[in-house]
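A.B. asks: My structure is below; once you've seen it, I'll send some questions.
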Amino acid sequence: MAEHRSAPAGQEQPYVGRGVERNDIGSLLDGSGAFVADLLPGAGLHAAFVRSSVASAWLRGVDVSAAATMPGVVRVLTGAELARHVQPMRPPANSTSQDRFRTFYDLVSHPRSVPCLAVDEVRYVGEPIAVVVATDRYLAEDAAHAVVVDYAAREAVTDLSRALTAESPVVHRDLADNTAVRLCLAKGELPQDGHDLVVIEEEFRVARQAGLSMEGRGVLAVPDGERITVWSSTQVPFIVRQLLCAATGWDPQTVRVRTPEVGGGFGPKASVYVEEIVVPWLARELGEPVTWIEDRYENLTTATQARDNIHRTRLVVDRDGRFVSWEDDYLVDLGVHNLWMVGVVGNTAMHLLGAYRIPNVRVTGTGVFSNKTPTSQYRGAGRPEASFVLERSIDLAAEQLGIQPAKLRELNILGPDDLPHAQGVPYRDGVDIVYDGKDYGRVLETALDLVPEREVAALRAEAAEHERVGFGVGVYMEATARGPAEPESARVCLRRDGRLAVATGTGPSGQAHKTVFAQIAADTARMAYDDVLVTTGDTDLVPQGLGSFASRGAVVAGSAVRYATEQVVAATLDALRHALGHDAVEHVAGGFSAPGPDRVLTWAAAAELLATGGLAADPVVDQVHTYAPPTVTWTMGVHAVAVAVDTETGQVRVLRYGVAHETGPSINPRVVDGQIRGGVAQGIGGALLEQVQHDSAGQPLSATLADYLVPETSDVPDIRLAHLDEPSRLNPLGIKGVGESGIIASSAAIAGAVDDALAEFGVHVTRTPMTSDYLLELIEEGRR
Amino acid sequence: MKPGPVTLRRPASVEECLDVLRSEREAVVKVISGGQSLMPLLALRMANPDVLVDIGRLDELIHLEVGPEAVTIGARVRHHQLTEEPLRSLLPVLAEAAGHIGHTAIRNRGTIGGSLAHADPAAELPAVMVLLGAEIECRSASAGTRLVPAAEFFTGPYLTTLADDELLTAVHVRRPGSGTGHGFVEFSPRHGDYARAGALATLSPGPGSRIAAARLVLFAVANRPVDVSEHVEVAVGARPEECDWASIAQAAVASLPAPIDTDRANRYRLALAAARRALRHAADRFAATRGHHGQ
């Protein structure tokens, strides 16, 4: 059998650190795992939304009379009617930034509420205007098409470079302009220009992306007497409950939010959506289960999007190759709203500090409202953007200095003498940034070894006549698991059958929470991995939680599991000592020692003893621990990549890909590898293919998967990995997050490789994605 | 993304199907075969027919006849089958092109007749039919059977000469002469996507390892496949290794109407590379097949 079966007593081996088999993978692979759409009750009702077909307009009228009498239609609800019962959706409580952060960064933020259904105006294509409930989805869509909306179209804000000009229309009429967020980060003094300095000034663009999950969003609301259960494909069940109750005025005690299996999240599902309010409201109103399953068109037009930046940067380097100063003034198109406002804009600023000695830094970040789809974080959330512009600037500086890009990085990267490294700048959680790493130079060296020069030389020699091979590196920082205001709870119960039931507020959207939490609990309790049963995504089971985002699940909820399990051990010991009238009971491998020769009470025997002793029924012991780390812990890494570029078509093939990173010890190395490989695949997508586009009127041009292109297996090479462990002192497990490591430096590394490949054409990539059309233009310019 | 209301007809024979098409002449009718292009259009409600005629029961359209001169392929033969023997050996350019259609799951459903009747200008199979000078067999209850040369069948984007009551029932493809070399090159963002530009070429041998016939077709650069073979005629009578394929490709692409936008201009650049490579592949295979060129 698999190696994770109970170790015989005396040969106890920890589960943490081993690549044990995932305990939830069977149902995901054999199709028995249930997603929201698999839960539909036979007799339930289906909702279809009427969505805006224009990006900016006054609503002159919404005529539902024809739709209301169509076959199967149970209810048609307009924004005007809903607004009499339900408040607009407001940003969540934890989106507020800490005081120290606000002050230091001179933060300006204008969070907006969102009407659950549009009332008098629409502000992006896809905005929900009305909803039809019918006996099936086909009939609901037929009726939705029969709703007549009378628009008075207005000029839309769609060009980020012009959105802050005086001539631009304003998306939110109560604001003076389209500024959503502004923040500044200053460190050191900017030097006077001198002739002995190399100055690299550039403008970079990062395309808008969708955080495309295989399963779209979906909500199933089931009324049950006074209570209601809301199933949602979300990363943040607790925040869904919070915003649903805030909008409806419902008592949170009457609302249970649950997540079934979630088929990918990546950040967009860490937003809350008006559908998660409208559908439960309809279910209570109608007294019947109501379902809405997002289709792909809705997914690509209304699920939150991300990136979409313009950066103006200036990197100053002295003649010896030492970084002198680094400036970035950037704009982030936040679309019509963003529940987290500061999130991505702030992450970009903080990660622009980089993995290097840069004494002087000036950053201004501005989030801008537009008439595009709302935004949120998408895997990386500001970090890929920061890595792209800093690493690109370093490549350009290396070219000016006439040295290898990797060499210039070596000269400036933080080494053992620099680390831990205090930046003198607070993180978003209000605590001053200290990189808790060991030696980033070693990571760079390791990454270079993953795709060695001789191998790249061989690829160059083998290339076809029209192909050129290039090599690039990208360095990244990844702050993981924000502290102290963002806790997670874990509840650990000893069941009467001697098994541990673990529940957490954060759960998987494909990741292996249930496996790694079971590993942690099994080690802490010194019991078999198979005897730990983990449940996630149920607001009834734990008192407090936020969700899975920002590479926090393992660190924050994992630590809570550790502490809650320790409490279970302690409580069980206490109870056993009491029950047996003996203080000599000890916690040992597999259970507890008891007086008498060689007597070991297994967990099952202990549970049975306590249960029959009348101390408790089932569970026998029930403990909760709520944990928050003191602040972020930092993962750092380097991507090294070799590409081939077809000089006649501008098409890029990724030939070799390596990721070396310095992070905490792995709970489960196979899970960590999977996280990074998946991230790299998405990183390749962002670098080469993915691009959400709107025309100047705000019409989406990438609303199907024939237009929004994501990488396929044949576009992703084998990915070579190297893990360098440096335990964190900030949590009891010594771990660091890795959820975003794979995606952050992909665009930077691939751009470097493309520049290298096309050096003879003088190509300098300054934007993502590096499409065939874009590179063909650069090659043609180079030929002229 | 659910199709709107539609009347579904499922005839059991070609004859019944033709009757259905005749009787529904006043309605907006779409014939559905593998559904790989039509289903998304129905789901997006971009196509809203009154009547959908499902030919999934017409097994008589799943046939393959190999004659000494020509091959007849029934309309319901799946793309997957085009990539396999015996067609792989008989019509290698068809097999290679069909391998670029979508992915396995799509090729297992999509049919040759469906693809040709759909007439997407970026699709592979219409271009192959033009290249091979195929004849498209169309049948109707009113006019019987007619054969339309592929070059005349495709009239514009998603437009063909198929009449409202006609069913595309088969294609007749002349077998290429022994020793014919072919080239197929398409550029798309990912494997299986519709082409941004593509080219197909055949070079047929005559006496003395000289080119007796040369054909070149471009696709995804105009509203239908473009036969630019006249620009390859300069190669006829020459040995492949004597030909300046780059100049021939240049002349062929230069003959297209001036690009209307940057998208089209980029497609032309890709078409140039595709044409050059397709001709070179054809030349390489031509030589390889003869095995004694230069004698």
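The values are calculated or read from the model by the stated rules, or taken from the named source; none is laboratory data. Keep in mind that this is a model prediction, so the values were computed, not measured. Neighbour counts are summed over all protein chains in view; Cβ atoms, including those assigned to glycine, are modelled from backbone coordinates with ideal geometry. These area figures cover heavy atoms from the full protein model, side chains too; ligands, DNA and RNA do not enter into them. Shrake-Rupley method; radii C 1.70, N 1.55, O 1.52, S 1.80 Å.
A.B. asks: Considering only protein heavy atoms and a probe of 1.4 Å, how much of the accessible area of segment A:669-717 is carbon and sulfur, as a whole percent?
C.D. replies: Here it works out to 53 percent.
A.B. asks: Got a number for carbon plus sulfur as a percent of segment B:225-288's accessible area, 1.4 Å probe?
C.D. replies: Values: 1490 of 2890 Å².
It is 52 percent, rounded to a whole number.
A.B. asks: I've got another one for you. What lysines does A:Lys407 reach when the alpha-carbon gap must be under 23 Å and sequence neighbours fewer than 8 apart in one chain are set aside?
C.D. replies: Counting by Cα, and skipping residues close in sequence, A:Lys407 has these lysines nearby: A:Lys438.
A.B. asks: So, one more: Ignoring ligands, DNA and RNA, what percent of the 1.4 Å accessible area of segment A:241-342 is carbon and sulfur?
C.D. replies: Details: 1130 of 2570 Å².
Carbon and sulfur atoms account for 44 percent of the accessible area of segment A:241-342.
A.B. asks: Which whole-percent values make up P(r) of segment A:616-674 when all C-alpha to C-alpha distances are grouped in 5 Å steps starting at zero?
C.D. replies: Bins of 5 Å from zero give 4, 10, 11, 13, 12, 11, 10, 9, 6, 4, 4, 3, 2, 1, 0, 0 percent of pairs.
A.B. asks: Right, here's the next one. What accessible area, summed over both chains, is buried at the A-B interface (1.4 Å probe, Å², nearest 100)?
C.D. replies: 2000 Å²
A.B. asks: Further question on the same structure: Place a +1 charge on the Cβ of each Lys and Arg in segment A:720-784 and a -1 charge on the Cβ of each Asp and Glu, then give the dipole magnitude about the Cα centre in debye, rounded to the nearest 20.
C.D. replies: Values: 6 positive and 10 negative charges, 58 e Å.
My answer is approximately 280 debye.
A.B. asks: OK, next. Computed over the Cα atoms of segment B:189-232, what is the convex hull's projected area averaged over all directions, in nm²? Please report the intermediate quantities before stating the final value.
C.D. replies: On the way: hull surface 15.9 nm².
Averaged projected area of segment B:189-232's Cα convex hull equals 4.0 nm².
A.B. asks: At q = 0.22, 0.27 Å⁻¹, what log₁₀ I(q)/I(0) does a Debye calculation on the Cα points of segment B:243-291 give, no solvent, two decimals?
C.D. replies: Taken in order of the listed q values, log10 I(q)/I(0) reads -0.75, -0.94.
A.B. asks: Applying the Karplus parametrisation 6.51 cos²θ - 1.76 cosθ + 1.60 with θ = phi - 60° to the phi angles of segment A:601-610, what ³J(HN,Hα) value in whole Hz is obtained for each residue in order, glycine and proline being reported as x?
C.D. replies: 8, 5, 4, 5, 5, 4, 5, 4, 4, 5
A.B. asks: Expressed in nm to one decimal, what extension gain is obtained for the pair A:Thr602 and A:Ala458 from 0.36 nm per residue of sequence separation less their Cα-Cα distance? Could you put the intermediate results ahead of the total?
C.D. replies: Details: separation 144, 0.36 × 144 = 51.84 nm, distance 5.99 nm.
That works out to 45.9 nm of additional length.
A.B. asks: Please express the shape of segment A:111-214 as an equivalent ellipsoid: the semi-axes are the square roots of 5 times the eigenvalues of the C-alpha gyration tensor, given largest first in whole angstrom. Please list the in-between numbers first.
C.D. replies: Numbers: eigenvalues 388, 70, 37 Å².
Sorted largest first and rounded, they come to 44, 19, 14 Å.
A.B. asks: Just the Kirkwood number for segment B:1-149, please: inverse of mean 1/r across all distinct Cα pairs, in Å, one decimal.
C.D. replies: 16.2 Å
A.B. asks: How well do other chains shield peptide B:186-192, expressed as the mean number of their Cβ atoms within 10 Å of each residue Cβ? Walk me through the intermediate numbers first.
C.D. replies: Working: counts 0, 6, 3, 10, 8, 4, 2.
If you average over the peptide's residues, the count of other-chain Cβ atoms is 5.
A.B. asks: Please compute the Kirkwood hydrodynamic radius of segment A:641-784 from all pairs of different C-alpha atoms, in Å with one decimal.
C.D. replies: Working: mean 1/r = 0.0595 Å⁻¹.
About 16.8 Å for segment A:641-784.
A.B. asks: Taking every pair of alpha-carbon atoms in segment A:228-366, what share in percent sits in each 10 Å bin, from 0 to the bin with the longest distance?
C.D. replies: 10, 31, 24, 16, 12, 6, 1, 0
A.B. asks: What is the sum of charges around A:Val262, taking Lys and Arg as +1, Asp and Glu as -1, for the other residues whose C-beta is under 9 Å from the C-beta of A:Val262?
C.D. replies: Working: positive: A:Lys269; negative: A:Glu215, A:Glu261.
Spelling it out: positives minus negatives among the neighbours equals -1.
A.B. asks: Restricting things to Cα coordinates, could you compute the convex hull volume per residue of segment A:366-409 in Å³? It would help to have the intermediate numbers written out before the result.
C.D. replies: Numbers: hull volume 4.4 nm³, N = 44.
Output value, Cα hull per residue: 101 Å³.
A.B. asks: Moving on to the next point. In a shell of Cβ-Cβ distance under 13 Å around B:Ala151, excluding B:Ala151 itself, what net charge do Lys and Arg (+1) and Asp and Glu (-1) give?
C.D. replies: Details: positive: B:Arg215, B:Arg224; negative: B:Glu135, B:Glu152, B:Asp227, B:Glu230.
That sum, taken over residues with Cβ under 13 Å, equals -2.
A.B. asks: If you count only protein heavy atoms with a 1.4 Å probe, what accessible area per residue comes out for chain B, rounded to a whole Å²? Please report the intermediate quantities before stating the final value.
C.D. replies: Values: 12490 Å² over 295 residues.
Computed with neighbouring chains in place, this is 42 Å² per residue.
A.B. asks: Can you compute the charge dipole magnitude of chain A about its Cα centre, using +1 on each Lys and Arg Cβ and -1 on each Asp and Glu Cβ, nothing else charged? Give it in debye, rounded to the nearest 20. Before the final figure, lay out each step's value.
C.D. replies: Working: 68 positive and 102 negative charges, 280 e Å.
Charge dipole, chain A, about its Cα centre: 1340 debye, nearest 20.
A.B. asks: Another one. Once you place label points 7 Å from the Cα toward the Cβ at A:Arg60 and A:Leu29, how far apart are they in nm?
C.D. replies: For A:Arg60 paired with A:Leu29, the spin-label model returns 6.0 nm.
A.B. asks: Enter the mean projected area of the convex hull around the alpha-carbon atoms of segment A:404-563, in nm², rounded to one decimal.
C.D. replies: Numbers: hull surface 58.3 nm².
Across all orientations, segment A:404-563 yields a mean hull projection of 14.6 nm².
A.B. asks: Over segment A:472-551, what number does the Rg to Rh ratio reach, with both radii from the alpha-carbon atoms and Rh per Kirkwood? Mind showing how you got there, number by number?
C.D. replies: Numbers: Rg = 15.0 Å, Rh = 14.0 Å.
Ratio of gyration radius to Kirkwood radius for segment A:472-551: 1.07.
A.B. asks: Same structure, new question: What ratio of Cα Rg to 2.2 N^0.38 Å holds for segment A:399-442? Kindly include the intermediate steps, with their values, before the conclusion.
C.D. replies: Numbers: Rg = 13.7 Å, N = 44, 2.2 N^0.38 = 9.3 Å.
Output field value: 1.47.
A.B. asks: Could I have the simple spin-label model distance between A:Arg357 and B:Glu15, label points 7 Å from Cα toward Cβ, reported in nm to one decimal?
C.D. replies: 9.2 nm
A.B. asks: Moving on. How high is the FRET efficiency between A:Glu203 and A:Gln544 when r is their beta carbon distance and R₀ equals 45 Å, given to the nearest 0.05? Intermediate results must be reported in sequence, preceding the final value.
C.D. replies: On the way: r = 44 Å, r/R0 = 0.98.
The computed FRET efficiency comes out at 0.50.
A.B. asks: Additional query: Given A:Ala397, A:Pro484, A:Ala176, which one lies farthest toward the positive end of the charge dipole of chain A, if we put +1 on the Cβ of every Lys and Arg and -1 on the Cβ of every Asp and Glu?
C.D. replies: Of the options given, the answer is A:Pro484.
A.B. asks: Right, another one. What number, in nm² with one decimal, is the all-direction average of the projected area of the convex hull of the alpha-carbon atoms of segment A:505-622?
C.D. replies: Working: hull surface 30.8 nm².
Average of the hull's projected areas for segment A:505-622 equals 7.7 nm².
A.B. asks: Between A:Ala166 and A:Glu81, what's the calculated FRET efficiency when r is the beta-carbon distance and R0 is 41 Å? Round to 0.05. Mind dumping the intermediate values first?
C.D. replies: Values: r = 38 Å, r/R0 = 0.93.
With R0 = 41 Å, the Cβ-Cβ based efficiency is 0.60.
A.B. asks: What percentages make up the Cα-Cα pair-distance distribution of the protein assembly as shown when the bins are 20 Å wide from 0?
C.D. replies: Histogramming the protein assembly as shown at 20 Å steps yields 12, 36, 36, 15, 2, 0 percent.
A.B. asks: Related question: Ratio of segment B:46-88's C-alpha Rg to 2.2 N^0.38 Å, to two decimals?
C.D. replies: Numbers: Rg = 14.1 Å, N = 43, 2.2 N^0.38 = 9.2 Å.
Dividing the Cα Rg of segment B:46-88 by 2.2 N^0.38 Å gives 1.54.
A.B. asks: Per-residue mean of other chain beta-carbon atoms within 10 angstrom of the beta-carbon, peptide B:266-273? Kindly include the intermediate steps, with their values, before the conclusion.
C.D. replies: Details: counts 9, 1, 0, 9, 8, 0, 2, 8.
Counting Cβ atoms of other protein chains within 10 Å of each residue's Cβ and averaging gives 5.
A.B. asks: Only Lys, Arg, Asp and Glu count, each charged at its Cβ (+1, +1, -1, -1), so figure out the dipole size of segment B:108-202 about its Cα centre, rounded to 20 debye. Let's see the in-between values first.
C.D. replies: Details: 7 positive and 10 negative charges, 61 e Å.
For this selection, approximately 300 debye.
A.B. asks: Averaged over peptide A:640-651, how many Cβ atoms belonging to another chain are found within 10 Å of each residue's Cβ?
C.D. replies: Numbers: counts 0, 0, 0, 0, 0, 0, 3, 1, 8, 11, 5, 6.
Mean shielding count: 3.
A.B. asks: Go through A:141-149, A:466-474, A:164-172 and give me the packing order, highest mean Cβ count within 10 Å leading.
C.D. replies: Values: A:141-149: 20.9, A:466-474: 23.7, A:164-172: 13.3.
Per-residue mean Cβ counts within 10 Å order the peptides as A:466-474, A:141-149, A:164-172.
A.B. asks: If you don't mind, there's one more thing I want to ask. Would you please state the base-10 log of I(q)/I(0) at q = 0.15, 0.25, 0.26 1/Å for segment A:149-191, with intensities from the Debye formula using one equal scatterer on every alpha carbon?
C.D. replies: -0.55, -0.93, -0.96
A.B. asks: What percent does the relative contact order of chain A come to when contacts are Cα pairs within less than 8 Å and at least six residues apart? Let's see the in-between values first.
C.D. replies: Details: 2007 pairs, mean separation 124.5, N = 784.
Relative contact order, chain A: 16 percent.
A.B. asks: So what are segment A:456-507's ellipsoid semi-axes, whole angstrom, largest first, if each one is the square root of 5 times an eigenvalue of the alpha-carbon gyration tensor?
C.D. replies: Values: eigenvalues 569, 76, 13 Å².
The answer is 53, 19, 8 Å, longest axis first.
A.B. asks: Ok, one more. log10 I(q)/I(0), Debye, Cα-only chain B, no solvent, q = 0.09, 0.15 Å⁻¹?
C.D. replies: So the normalised log intensities work out to -0.44, -1.14.
A.B. asks: Going by a 1.4 Å probe on protein heavy atoms, which residues of segment A:690-737 end up with at least 30 Å² less accessible surface in the whole assembly than in their chain alone?
C.D. replies: A:Leu709, A:Glu712
A.B. asks: If A:Ser113, A:Ser65, A:Ser376 are ordered by their accessible area, calculated over protein heavy atoms with a 1.4 Å probe, which sequence runs from highest to lowest?
C.D. replies: So the residues, ranked largest to smallest area, are A:Ser65, A:Ser113, A:Ser376.
A.B. asks: Give the residue from A:Ser113, A:Ala303, B:Leu61 lying farthest towards the positive end of the charge dipole for the protein assembly as shown; charges sit on Cβ (+1 for Lys and Arg, -1 for Asp and Glu) and the dipole is referred to the Cα centre.
C.D. replies: B:Leu61
A.B. asks: Over the Cα atoms of segment B:63-183, what Rg and Dmax result, in angstrom?
C.D. replies: In order Rg, Dmax, the Cα atoms of segment B:63-183 give 13.6, 42 Å.
A.B. asks: What translational D, rounded to a whole number of µm²/s, comes out for segment A:171-302 from Stokes-Einstein when the hydrodynamic radius is the Kirkwood one over Cα pairs, at 20 °C and 1.002 mPa s? Display every interim value, and only then the final one.
C.D. replies: Values: Rh = 18.2 Å.
So the translational diffusion coefficient is about 117 µm²/s.
A.B. asks: Could I ask something else about it? Pick from B:Arg277, B:Arg215, B:Arg45: which is most flexible by mean-square fluctuation in a GNM of chain B where alpha carbon atoms under 10 Å apart are linked?
C.D. replies: Of B:Arg277, B:Arg215, B:Arg45, the Gaussian network model singles out B:Arg45 as fluctuating most.
A.B. asks: Let me ask something additional. How high is the relative contact order of segment A:503-649? Use alpha-carbon pairs under 8 Å, at least six apart in sequence, and give a whole percent.
C.D. replies: Values: 161 pairs, mean separation 33.0, N = 147.
With pairs under 8 Å counted, the relative contact order is 22 percent.
A.B. asks: With Rg and the Kirkwood Rh both taken from Cα atoms, where does Rg over Rh land for segment A:298-365? Display every interim value, and only then the final one.
C.D. replies: Values: Rg = 15.4 Å, Rh = 13.8 Å.
Rg/Rh: 1.11.
A.B. asks: Would you mind computing, in nm to one decimal, how far apart the modelled labels at A:Asp120 and B:Ala163 are, each placed 7 Å from Cα along Cα→Cβ?
C.D. replies: Between A:Asp120 and B:Ala163, the label points sit 6.0 nm apart.
A.B. asks: Can I ask one more? So, in Å, what gap is there between the alpha-carbon centers of segment B:206-264 and segment A:742-760?
C.D. replies: Measuring centre to centre over Cα atoms gives 36 Å.
A.B. asks: Between A:Thr135 and B:His191, what FRET efficiency comes out of the Förster formula 1/(1 + (r/R0)^6) with R0 = 51 Å and r the beta carbon distance, rounded to 0.05?
C.D. replies: Values: r = 42 Å, r/R0 = 0.82.
Taking R0 as 51 Å, the efficiency between B:His191 and A:Thr135 is 0.75.
A.B. asks: Give the residue from B:Ser23, A:Ser509, A:Met341 lying farthest towards the positive end of the charge dipole for the protein assembly as shown; charges sit on Cβ (+1 for Lys and Arg, -1 for Asp and Glu) and the dipole is referred to the Cα centre.
C.D. replies: Of B:Ser23, A:Ser509, A:Met341, it is B:Ser23.
A.B. asks: Hey, another quick one. Would you work out the relative contact order for chain B, in percent, from Cα pairs under 8 angstrom that are 6 or more residues apart?
C.D. replies: It comes to 16 percent, rounded to a whole number.
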